[in-house]
Amino acid sequence: MSAASSTLLTTATPNAATTTRDSDEARAVRSARRRATARFALTRLIQGAFVVWVAVTITFIGLHLAPGDIVDTLLGQDRDDAELRAKVIAEWGLDRPVIVQYLSYLAGILRGDFGTSYAQHKPVLDIFTSQIGATLQLAGAALTIAVVVSLSLSLWLAGRQGTARTVVGSAELAVLSVPSFWLGLILLTIFSFRLHWFPVVGNNGLSSLVLPALAIGIPQGAYLTQVLREDLDGELERPYVLTARSRGASLARTKRVHALRHASLPALTIGGLIVGGLLGGAAITEEVFGRPGLGHIAVSAVQSQDMPVVLGVAFFASLVFVIASTLVDLAALALDPRLRQTRS
């Protein structure tokens, strides 16, 4: 064997060993990430089930401790009819012990059975499926407005000082101090009663969605703007921003391309909490604007002590909160790879 061949073999063998070692390390890293993802998914599933259970349980206890008699509410003017009272109690299973009613309801949830409405005499699931579209439409439009307002104002004002920032900051505080239903009444007075630009009540197309979505989305957008702008101001003082500016990048591009990704994590977390609040805002706003939806159903169910519907609303609201928080965690992992190492 020649000296050149011997040299080639000598140099090739370590390279092959290095490649094999690198491949094993890569497989080990991928395997560790899959295990971390599986642990994360399992943990979120357990936490989500616990949150939903707690929400339903607290609602169930609260309904039974609330003043008033459910049977009297169901009977109305016939509450003194003993025979009818006994029939209603037996029909809805209200003669069973409370713990039996509670366990029976939980078992029904596991089967996908949320009971039958006392007032409407229809399955709760059918009521929800007929009304959930309007609520999701309103909540989605409000969330879009909040995000657009937050991004626009934060990117415009971050790193700047002057009258515009002072005026916008004062307007944010004013909007945050106003309840969404009161803002809705103001919007109705100006744009419906005076200008006649939008309908007063109903759910007839896009025009009827604008004012209620603004009534919910503007306050949420003001809150997000305060959080995001403050974090953008902090990121603009980082060394990597100075490096980007020294290379000729404009302030607008630096904020949009470099600083926004790092500053958006706290706002993203707050946004996940806001999603759950959108349902509460939708409940009142739907009443103000006379819109159909789960909010209108929830208010009517509370007034009539329609327990299955109220429990269904609690289940749905807590489920939405769990899904939103999970999506926020996944988005945070995508935005900041360093979080993946802390979870692995």
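The values are calculated or read from the model by the stated rules, or taken from the named source; none is laboratory data. Fair warning: this is a prediction, and the values are worked out from it, not measured in the lab. Positions of Cβ are backbone-derived with ideal geometry, glycine not excepted, and every protein chain shown enters the neighbour counts. Surface accessibility is based on the protein's heavy atoms, side chains included, excluding ligands, DNA and RNA. Shrake-Rupley method; radii C 1.70, N 1.55, O 1.52, S 1.80 Å.
Observations on the model:
- Computed Kirkwood radius, in angstrom, where 1/r is averaged over Cα pairs of region 127-215: 15.0
- Protection proxy ranking of 44-51, 179-186 - average other beta-carbon atoms within 10 Å, highest first: 179-186, 44-51
- By the Kirkwood approach, averaging reciprocal distances over each pair of separate Cα atoms, region 227-270 gets a hydrodynamic radius of 10.4 Å.
- Extension gain, D113 to T189, is 23.1 nm, computed as 0.36 nm per intervening residue step minus the present C-alpha separation.
- Take each peptide in 113-122, 156-165, 306-315, count the other Cβ atoms within 10 Å of every residue, and average; sorted highest first, the result is 306-315, 113-122, 156-165.
- Portion, in percent, of the accessible area of region 76-210 that falls on carbon or sulfur, probe 1.4 Å: 64
- In region 175-261, the inverse of the mean reciprocal separation of distinct Cα atoms equals 15.7 Å; this is its Kirkwood hydrodynamic radius.
- Cα gyration tensor category, rounded, prolate or oblate, for region 291-333 with a/c compared to 1.5: prolate
- Listed peptides 246-257, 138-149 appear in the order 138-149, 246-257 once ranked by packing, highest mean of other Cβ atoms within 10 Å at the front.
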